[in-house]
1. Condition first: of a type in the set (A, V, I, L, M), free of Cβ contacts under 8 Å to residues at least 24 places away in the same chain and closer than 26 Å to Arg141 by Cβ. Can you find one or more residues in the range 196-203 that meet it?
2. Quick check, is Val87 among the hydrophobic types (A, V, I, L, M, F, W, C), surrounded by fewer than 17 Cβ atoms within 10 Å (Cβ to Cβ) and in contact (Cβ under 8 Å) with a residue 40 or more places away in the chain?
3. Could you check Asp117 against (1) acidic (Asp, Glu); (2) within 28 Å of Gly60 (Cα to Cα); (3) surrounded by 14 or more Cβ atoms within 10 Å (Cβ to Cβ) and say which number it fails?
4. If you take the residues in the range 131-173 that are among the aliphatic types (A, V, I, L, M) and modelled with pLDDT under 95, which one is surrounded by the most Cβ atoms within 10 Å (Cβ to Cβ)?
5. Tell me which strands (runs of 3 or more DSSP E) are completely within the range 118-194 and hold 1 or more residues being closer than 17 Å to His222 by Cα, or say none if there are none.
Amino acid sequence: VPDAVVDAGAGSLYEIREGAASSIVQPHPGPNIAECFRDKKRADYEALGGQKKTAFPWEGGLYRLGYRFLMFSNPRSCPFGSNWGNVMAFRSRPDACRSIDLAGVNEGKKGFGGSYDESRSAIAADVGGHRICVAHLDDKREDLRTEQWKSIAHQAFGDDVKTVGDFTLVGDINALNRKSYSDEQWRILKEAHFPPLQEGQDLPTEACAGLSAFFQVQPSNHGQQFESMFQKCVSHGWSSRLGSAGMLVTDATDFDHQPLVLTV
């Protein structure tokens, strides 16, 4: 997120400014960053003095689209810096909004020429009797995703979704909806998986299945099988109000994820 949002403090409601000029610094000088990632980015931008600052109309663009507030959550252990995490944008001031640190830490994760710890976060907001949550779960470990979805159920929805009225949860769950694929499609996905699955190992499904059981509804994008040329569908949404979903892009693109648009 832009420097101004970080400076305002993760977990605080930020008022979007009309015509604001935004800039993003990498690596961010804040304390929440893995040393190996910081060193890599400094090497990447050595010709620029070890840091790159990019200016673009991020905040002003959101304002022109009608958004007036946002909240940013930075996980307590974020290897990528104090300016990485989840964002939720609002057209009007929410009735309530908070950042949530999810349970579990992926300790000693390998990457960027070193190792680091990584946790995840979520944002929960109340808007007109509608509890809305956005989250991003661990990308490597099924046991951590289980901890994290249960943490969402507990912290965002009080372990009983019936007590919060209307609900919506969206995010990168890093798990597949098994019911969106035929047995033959599932077999092909397992055979094509990289790195190869171990004997008896299955594709990750538990977080998606667990959240469906908790909310007692299938994902609104049930049946979606892919997000791009290389990515199976791991972004999902559950909602009592928005029971359908659409893909903005349906050709074989090469991006990691694509927008998930929930509709009534």
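The values are calculated or read from the model by the stated rules, or taken from the named source; none is laboratory data. Source: prediction; values computed, not measured. Backbone-built Cβ (ideal geometry, glycine too); neighbour counts: all protein chains shown.
1. Yes: one or more hits.
2. Yes.
3. That leaves (2) as the condition not met.
4. That would be Val161.
5. Answer list for the range 118-194: 166-172.
Listed here are the residues, each with its yes/no results for (1) free of Cβ contacts under 8 Å to residues at least 40 places away in the same chain; (2) within 28 Å of Ala89 (Cβ to Cβ); (3) among the β-branched types (Val, Ile, Thr).
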| residue | (1), (2), (3) |
| --- | --- |
| Ser119 | no, yes, no |
| Gly128 | yes, yes, no |
| Arg141 | yes, no, no |
| Glu147 | no, yes, no |
| Ile152 | no, yes, yes |
| Asn177 | no, yes, no |
| Gln185 | no, no, no |
| His193 | yes, no, no |
